[in-house]
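Peer 1: Sharing a structure, written as C-alpha cells. Questions coming.
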Amino acid sequence: QKEVEQDPGPLSVPEGAIVSLNCTYSNSAFQYFMWYRQYSRKGPELLMYTYSSGNKEDGRFTAQVDKSSKYISLFIRDSQPSDSATYLCAMRPQGGSEKLVFGKGTKLTVNP
Amino acid sequence: KAGVTQTPRYLIKTRGQQVTLSCSPISGHRSVSWYQQTPGQGLQFLFEYFSETQRNKGNFPGRFSGRQFSNSRSEMNVSTLELGDSALYLCASSLQGAATGAFFGQGTRLTVV
C-alpha cells in the first residue's frame with residue numbers, strides 16, 4: 001500500500017462548480033498537510049498548509065484534515081478556468097526533516 | 001522576495017554523461033530538498049540538506065548525489081545518465097522549524113537521449 005493515495009482523475013467540471021479533491025494516507029505519524037497546484041511545465045505552487053486536524057480557509061480554497069480517518073480534502077468554491085491544473089497533496093511527520101511524501105496528483109479541468 | 005531559482009531550466013544529455021543541476025533557495029531558508037517528477041511515479045524524494053549536511057536520502061542509486069554550500073545553495077549531480085533519468089527535477093526550500101511549508105522552484109527538465 002502506498003503511503004499516500006490520490007485519485008489521478010482527470011476531473012472535469014463547469015465553471016462555477018465546487019470542486020472536491022481528496023487524499024488518503026496510511027502513516028499515522030503525518031502531522032503536516034499541504035496542497036500544491038502545478039500548471040503544465042511549471043513547479044508546484046503551495047496553496048494550503050495545515051497542521052494536524054481541522055479546517056483552514058483561504059479565499060475560495062478550504063483544506064480539511066481528518067486524522068482519525070487518515071483523509072484530507074481540498075475544496076475549491078466558484079471554480080474558474082484558471083484553476084485548471086494538477087493538484088498534489090503532500091504530507092510529512094513532525095520532526096526535523098522537511099521531507100514530503102506526495103500523492104500522484106489529480107488533473108483538474110474547469111470548462112468555461 | 002525572490003523565490004527558489006533553479007538552473008538550467010532545460011537540459012539534453014546523452015546516455016553515459018553526467019549532469020549538475022543548481023538550486024538557490026529563498027533567502028534565509030537553510031533547508032533544501034530535491035525531488036524527481038515523472039509521469040509514472042509522480043514526485044519522489046531524492047535528498048534533503050540542512051546547513052550543508054545531508055539529513056535524509058531517498059531510494060535512488062548512488063549515481064544521484066548532492067551537496068549544499070555555506071550560502072545554502074545546493075547542487076545535485078547525476079552520473080552515468082540513463083534514459084530513465086529523464087524527468088523534471090525540482091528543488092524545494094523551507095524555513096526550518098516554521099509552519100510555512102516548502103516552496104518549489106520551476107524545475108530543471110532533463111532529457112536523456
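Peer 1: Of the conditions (1) of a type outside the set (A, V, I, L, M, F, W, C); (2) part of a loop (DSSP other than H, G, I, E, B); (3) out of contact with any Ser or Thr (no Cβ under 9 Å at 6 or more places or on another chain), A:Ser82 satisfies every one except a single condition; which number is it?
Peer 2: Only one criterion is unmet by A:Ser82, namely (2).
Peer 1: I've got another one for you. Scanning the range B:51-83 for residues that are open to solvent by less than 80 Å² (accessible area, probe 1.4 Å) and of a type in the set (Gly, Ala, Ser), which turns out nearest to the other protein chains (Cβ to nearest Cβ)?
Peer 2: B:Gly58
Peer 1: Something else about it: Surrounded by 13 or more Cβ atoms within 10 Å (Cβ to Cβ), of a type in the set (Ser, Thr, Tyr) and more than 13 Å from every other protein chain (Cβ to nearest Cβ) - does that describe any residue in the range A:63-73?
Peer 2: yes
Peer 1: Quick check on the range B:84-100: of everything there that is open to solvent by less than 50 Å² (accessible area, probe 1.4 Å) and farther than 16 Å from B:Ala2 by Cα, which residue is farthest from the other protein chains (Cβ to nearest Cβ)?
Peer 2: The qualifying residue farthest from the other protein chains (Cβ to nearest Cβ) is B:Asp85.
Peer 1: Select, from A:Tyr32, A:Tyr39, A:Tyr51, the only residue that is farther than 30 Å from B:Pro8 by Cβ, open to solvent by 40 Å² or more (accessible area, probe 1.4 Å) and either within 14 Å of chain B (Cβ to nearest Cβ) or basic (Lys, Arg) (or both).
Peer 2: Of A:Tyr32, A:Tyr39, A:Tyr51, the one residue that is farther than 30 Å from B:Pro8 by Cβ, open to solvent by 40 Å² or more (accessible area, probe 1.4 Å) and either within 14 Å of chain B (Cβ to nearest Cβ) or basic (Lys, Arg) (or both) is A:Tyr51.
The values are calculated or read from the model by the stated rules, or taken from the named source; none is laboratory data. The structure presented is a predicted model; accordingly, all values stated were derived computationally and were not measured. Because the Cβ atoms are built from the backbone with ideal geometry, glycine has one as well, and the counts that use them run over all protein chains shown. For the accessible areas, the whole protein counts, side chains as well, though only heavy atoms, and no ligand, DNA or RNA atoms are used. Shrake-Rupley method; radii C 1.70, N 1.55, O 1.52, S 1.80 Å.
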